[in-house]
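To start, the structure under review is shown below, and the notes come after it.
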Amino acid sequence: MQNDQLALAQTRGSVDPRVKRPLPAWVSTTALLLPTYGWLTIAIFLPLLTMLAFSFMSATPMGKTPVEFTLKQYRAFIDQPYLLRIGFNSLMMGFWTTLFCAILGFLAAVALVRATVGKTRETLLVLILLPFWTNGLVRVFSWTMVLRENGFLDNILHMVAPDAGSISILYTRYAVVLGLVHGYLPYMILTCYIALVTIDDAIIEAAASLGARWWTILYKILIPMAAPGLISGAVLIFIPVIGSFMEPRILGGRVGVTMGTVIEDQFTQAFNWPLGASLSFTLLAVVLAIFATFSGVLRGRTAG
Amino acid sequence: MTNVKVKSVAKTYGPISVLTDISTEFPEGSFTSLLGPSGSGKTTLLRIIAGFIKPDEGVIMIGNNDVTNVPVWGRNIGMMFQSYALFPHMTIAQNVAFGLERRGIKGEAARKEVDRALEMVRLSGFGDRTPKQLSGGQQQRVALARAIVIKPSVLLLDEPLSALDRRLRQEMQVELLRIQRESGLTTIFVTHDQEEALTLSDKVAILDRGRIVQIGEPETVYERPLTRFAAEFLGDSNFLSGKVENGAVRLSNGTVVRSDSALPGNGADVTLAIRPEKMSLATADGQPNRLSARITTVIYAGPVLSYILETPDGLPLKLFAQNRDGRVLREGETVSLSWSPEHTIAVAN
């Protein structure tokens with residue numbers, strides 16, 4: 001189609017000298033990419049570079065203290081060992097959130113793909129996208145209403161068993177992971193859905209005809225074939241989750257101290273932008289290292 | 001090796017009846033084609049036998065077992081799909097071994113079975129490749145190996161050759177037939193390709209709107225169609241309608257046509273089917289059935305010449321002639337057609 005039009009344009013060009021010859025391919029490619037890359041440069045690359053520069057400063061340049069070049073911000077993990085524990089907790093938070101999202105999201109995506117009757121699929125998709133359309137703060141605060149002592153959850157429990165104690169999990173790590181899973185689940189559902197929807201029904205039927213029951217089909221066919229969706233979903237969730245600060249702060253209370261909240265504090269409370277920036281870049285380096293390791297492992301497995 | 005029995009199976013989707021009271025038997029070791037246009041219910045019947053669809057009514061027997069309520073994975077069937085349906089993330093050997101693993105056959109024993117199955121489909125040494133590295137024909141042979149390696153009770157083929165090009169399809173037909181004969185598997189083959197059905201099968205079942213209109217050996221079904229639909233769908237036919245008169249049929253233009261078929265009583269309406277290749281253009285060959293017609297179109301197809309003709313009263317006819325003496329009649333010529341009463345079949349409408 002495209003080629004036809006190009007060919008058409010070229011023949012026309014040779015017949016009618018007034019019509020310009022089409023531009024060379026590299027010119028049109030550059031022209032098409034320029035808006036995107038220009039925007040990315042301005043919106044992401046420049047601020048990120050500024051932050052990188054900040055991370056090598058001794059103090060925030062807007063203050064009165066003289067600013068000099070230093071590497072001391074990157075020694076924070078050595079100077080303040082409690083940051084190591086916080087960092088580890090943040091990674092675990094990311095791990096559990098990603099894991100729960102993967103399990104729930106994958107199963108939901110399977111259900112979505114199999115829902116072929118009438119408008120069920122559209123309805124389910126809307127329900128899944130609902131958390132995306134609600135304000136994050138509202139979403140998180142509504143969880144506090146559910147999880148707090150004498151909250152919605154407790155009320156339901158007391159309706160069934162009036163003598164039972166409180167099962168409030170507000171201000172625990174469970175609550176934080178719960179809130180995060182709720183917020184990030186749609187990413188996993190959508191990436192898995194896209195991967196699953198391309199699997200031909202006949203492949204599943206072939207497996208069943210060969211004697212595979214549903215769990216075998218799940219482990220041997222669906223999960224391996226939808227692995228790209230699971231991986232991209234995990235990447236999309238893991239990165240923002242370990243840097244998140246809203247959910248840990250509101251649902252975690254005192255236990256909700258994460259790298260995200262520490263970094264946020266440096267910017268908004270302590271006014272120590274260089275430390276905030278250096279912590280951010282350290283976190284980025286750790287995440288990249290984790291992904292590098294995992295992609296190596298995954299590639300090794302597919303090759304072997 | 002087992003036979004398959006289908007007893008009064010019916011299936012409706014909402015107001016649409018897809019299958020109506022189907023009862024038939026697929027004998028042990030036979031190769032049966034389910035032939036019909038799309039929407040005739042042939043695929044639904046195959047999928048009911050496989051267990052993907054539950055019939056509203058009726059019983060499915062594989063051997064002596066009633067499998068009507070047995071799920072797909074418990075029926076021990078081998079199945080081939082139009083889209084090959086190989087597992088793309090597994091090697092060829094893993095694909096073939098999949099069904100064996102489900103039956104607890106692993107390691108060396110499984111490897112031997114896989115090798116033997118791949119040898120049977122002439123793909124020895126392809127075990128370490130992935131489906132993507134194989135051609136369409138090779139992929140379909142892997143699918144066949146995967147289906148037969150588990151020694152299924154019945155082999156179900158859902159238009160497995162339709163995605164292949166003509167030459168490859170003919171090659172695969174030969175291969176399929178050889179393997180079916182060697183393994184002795186009861187085979188049910190869904191197709192809309194009549195030539196494929198005739199070449200491959202011991203038995204052909206013609207389906208129309210959810211019913212089996214005729215089932216029998218290819219020769220019988222072709223030479224003695226029972227209904228107008230069967231005569232039209234399997235091969236080509238000319239149809240003449242008229243009234244029975246003294247053991248012959250008088251057409252509306254007055255011509256009397258004789259038929260060896262059993263005819264109803266005097267005055268009854270009857271439709272006669274005559275295959276286009278059974279009519280000849282010879283002028284005096286002593287056949288009692290004759291019509292004169294004008295040639296409207298000549299289709300030259302090498303070995304065979306197709307003539308489209310029209311009788312003076314506007315009845316369209318087709319005639320296939322061997323290109324034997326190299327004489328091609330011209331459009332517009334009026335010729336005399338003749339054919340034998342033996343090839344004049346009375347069909348139900």
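Say we look at the range B:79-94 and pick out the residues that are at pLDDT 95 or above and touching a Gly at 6+ places or on another chain (Cβ under 9 Å); which of these is surrounded by the most Cβ atoms within 10 Å (Cβ to Cβ)?
B:Ile92
I'm trying to understand the selection: among the residues of the range B:221-246, which are over 26 Å from the mean Cα position of the chain (by Cα) and open to solvent by 50 Å² or more (accessible area, probe 1.4 Å)?
B:Ser241, B:Lys243, B:Glu245, B:Asn246, listed by residue number.
This table checks each residue for (1) assigned to a loop (DSSP other than H, G, I, E, B); (2) away from chain A (no Cβ under 14 Å).
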position	(1), (2)
B:Thr32	no, yes
B:Gly39	yes, yes
B:Thr43	no, no
B:Leu46	no, no
B:Ile49	no, no
B:Ile53	yes, no
B:Ile60	no, yes
B:Gly78	no, no
B:Ser83	yes, no
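So, in the range A:240-260, exactly how many residues are of a type in the set (A, V, I, L, M) and either in contact with a strand residue (DSSP E or B) (Cβ under 6 Å, 6 or more places away or on another chain) or surrounded by fewer than 18 Cβ atoms within 10 Å (Cβ to Cβ) (or both)?
1
Can you tell me which of B:Arg169, B:Arg129, B:Arg146, B:Arg141 is under 23 Å from B:Pro37 (Cβ atoms) and basic (Lys, Arg)?
When all the criteria are applied, what remains is B:Arg169.
Conditions tested, residue by residue: (1) of a type outside the set (Asp, Glu); (2) within 10 Å of chain A (Cβ to nearest Cβ); (3) within 26 Å of B:Val6 (Cα to Cα).
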| residue | (1), (2), (3) |
| --- | --- |
| B:Gly63 | yes, no, yes |
| B:Thr68 | yes, no, yes |
| B:Val72 | yes, yes, yes |
| B:Pro88 | yes, yes, no |
| B:Thr91 | yes, no, no |
| B:Phe98 | yes, yes, no |
| B:Glu101 | no, yes, no |
| B:Ala109 | yes, no, no |
| B:Glu113 | no, no, no |
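Considering only the range A:173-180, I want to know if a residue exists there that is free of Cβ contacts under 8 Å to residues at least 40 places away in the same chain and either not assigned by TED's automatic domain parsing to the domain that holds A:Leu275 or not in a helix (DSSP H, G or I) (or both).
Taking the range A:173-180 first, the residues free of Cβ contacts under 8 Å to residues at least 40 places away in the same chain are A:174.
Now restrict to residues that are either not assigned by TED's automatic domain parsing to the domain that holds A:Leu275 or not in a helix (DSSP H, G or I) (or both): none.
No, because not a single residue in the range A:173-180 is free of Cβ contacts under 8 Å to residues at least 40 places away in the same chain and either not assigned by TED's automatic domain parsing to the domain that holds A:Leu275 or not in a helix (DSSP H, G or I) (or both).
Does the range B:153-163 include one or more residues that are away from every other protein chain (no Cβ under 14 Å) and under 19 Å from the mean Cα position of the chain (by Cα)?
The answer is yes, given that some residue of the range B:153-163 is away from every other protein chain (no Cβ under 14 Å) and under 19 Å from the mean Cα position of the chain (by Cα).
Here are the criteria: (1) buried (at least 17 other Cβ atoms within 10 Å of the Cβ); (2) at pLDDT below 95. Tell me which single one B:Pro131 does not satisfy.
(2)
Which condition number does B:Arg129 fail, the rest of (1) closer than 26 Å to A:Ile223 by Cα; (2) within 14 Å of chain A (Cβ to nearest Cβ) being met?
(2)
From the residues in the range B:173-193 that are surrounded by 20 or more Cβ atoms within 10 Å (Cβ to Cβ) and not β-branched (Val, Ile, Thr), which one is farthest from B:Val6 (Cα to Cα)?
Among those that are surrounded by 20 or more Cβ atoms within 10 Å (Cβ to Cβ) and not β-branched (Val, Ile, Thr), it is B:Leu176.
Which members of the range A:88-136 meet the condition of being over 21 Å from A:Ala195 (Cβ atoms), more than 18 Å from the chain's Cα centre (by Cα) and part of a helix (DSSP H, G or I)?
Answer for the range A:88-136, where residues must be over 21 Å from A:Ala195 (Cβ atoms), more than 18 Å from the chain's Cα centre (by Cα) and part of a helix (DSSP H, G or I): A:Phe88, A:Thr123.
Checking A:Leu230 against (1) within 14 Å of another protein chain (Cβ to nearest Cβ); (2) open to solvent by less than 20 Å² (accessible area, probe 1.4 Å), which test does it fail?
So the condition that A:Leu230 fails would be (2).
I'd like the residue in the range B:227-243 that is charged (D, E, K, R) and in contact with a Phe, Trp or Tyr (Cβ under 9 Å, 6 or more places away or on another chain) and, out of all such residues, is modelled with the highest pLDDT.
Step by step, filter the range B:227-243, then rank; the result is B:Arg228.
Using the structure shown, decide if B:Leu263 is surrounded by 11 or more Cβ atoms within 10 Å (Cβ to Cβ), part of a loop (DSSP other than H, G, I, E, B) and touching a strand residue (DSSP E or B) at 6+ places or on another chain (Cβ under 6 Å).
Taking the combined requirement at face value, the residue satisfies it.
Within the range B:95-109, track down each residue that is surrounded by 19 or more Cβ atoms within 10 Å (Cβ to Cβ) and either over 30 Å from the mean Cα position of the chain (by Cα) or free of Cβ contacts under 8 Å to residues at least 40 places away in the same chain (or both).
Correct list: B:Ala97, B:Phe98, B:Leu100.
Of the conditions (1) out of contact with any Gly (no Cβ under 8 Å at 6 or more places or on another chain); (2) touching a residue at least 12 places away in the same chain (Cβ under 8 Å); (3) within 30 Å of A:Val138 (Cβ to Cβ), A:Ala226 satisfies every one except a single condition; which number is it?
With respect to (1) out of contact with any Gly (no Cβ under 8 Å at 6 or more places or on another chain); (2) touching a residue at least 12 places away in the same chain (Cβ under 8 Å); (3) within 30 Å of A:Val138 (Cβ to Cβ), A:Ala226 is out only on (3).
Got at least one residue in the range A:204-215 being more than 9 Å from chain B (Cβ to nearest Cβ) and part of a loop (DSSP other than H, G, I, E, B)?
The answer is no; no qualifying residue exists.
The values are calculated or read from the model by the stated rules, or taken from the named source; none is laboratory data. The model shown is predicted, which means the values in this text are computed figures rather than measured ones. All Cβ positions, glycine included, derive from the backbone under ideal geometry; neighbour counts span all protein chains shown. Side chains are part of the model used for accessible areas, which takes the heavy atoms of the whole protein and leaves out ligands, DNA and RNA. Shrake-Rupley method; radii C 1.70, N 1.55, O 1.52, S 1.80 Å.
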